[in-house]
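Input: a single structure, listed below in structure tokens.
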Amino acid sequence: MNIKEIKPQNLRSVYLEIAEAYDVETAIKIQKLFGGQKITFPKKLFNNAYMNTYIRENYNIKNIRELTQKFGISERRIRQIISKFK
């Protein structure tokens with residue numbers, strides 16, 4: 001079947017959402033890659049090693065709010081990470 005012939009409204013729930021948010025081709029790729037599996041996506045995008053290194057290398061007192069927004073963590077957590085490297 002030609003991808004251009006597939007209409008989003010003919011897809012099942014999660015694939016319909018993906019097709020509406022992106023396109024039918026992306027929905028098909030995800031179905032081929034993960035079809036039949038139950039998966040959950042972590043709330044946090046970045047792994048701890050990257051996050052800790054980035055914070056250590058870029059932290060200054062003035063940008064703590066920026067870092068909390070970038071990584072979705074609290075100011076307290078930023079300070080805990082920084083304290084490990086002192």
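Hey, does region 5-23 have a residue that's part of a helix (DSSP H, G or I), at pLDDT below 95 and among the aliphatic types (A, V, I, L, M)? Yes: region 5-23 contains one or more residues that are part of a helix (DSSP H, G or I), at pLDDT below 95 and among the aliphatic types (A, V, I, L, M). Does Y59 qualify as being of a type in the set (F, W, Y) and surrounded by 15 or more Cβ atoms within 10 Å (Cβ to Cβ)? Yes.
Scanning region 1-51 for residues that are charged (D, E, K, R) and under 30 Å from I82 (Cα atoms) yields a total of 2.
Tell me whether region 57-80 contains one or more residues that are touching a Pro at 6+ places or on another chain (Cβ under 8 Å) and in a helix (DSSP H, G or I). No, there is no match, as no residue in region 57-80 is touching a Pro at 6+ places or on another chain (Cβ under 8 Å) and in a helix (DSSP H, G or I). Within region 29-45, being modelled with pLDDT under 95 and touching a helix residue (DSSP H, G or I) at 6+ places or on another chain (Cβ under 8 Å) holds for one residue alone: K44.
Out of region 14-44, which residues are within 27 Å of F71 (Cβ to Cβ) and either in contact (Cβ under 8 Å) with a residue 24 or more places away in the chain or touching a strand residue (DSSP E or B) at 6+ places or on another chain (Cβ under 9 Å) (or both)? Once the filter is applied, which keeps residues that are within 27 Å of F71 (Cβ to Cβ) and either in contact (Cβ under 8 Å) with a residue 24 or more places away in the chain or touching a strand residue (DSSP E or B) at 6+ places or on another chain (Cβ under 9 Å) (or both), region 14-44 yields K43, K44.
The values are calculated or read from the model by the stated rules, or taken from the named source; none is laboratory data. Because the structure is a prediction, the values reported are computed rather than measured. When we count neighbours, we look across all protein chains shown, and the Cβ atoms used for this are built from the backbone with ideal geometry, even at glycine.
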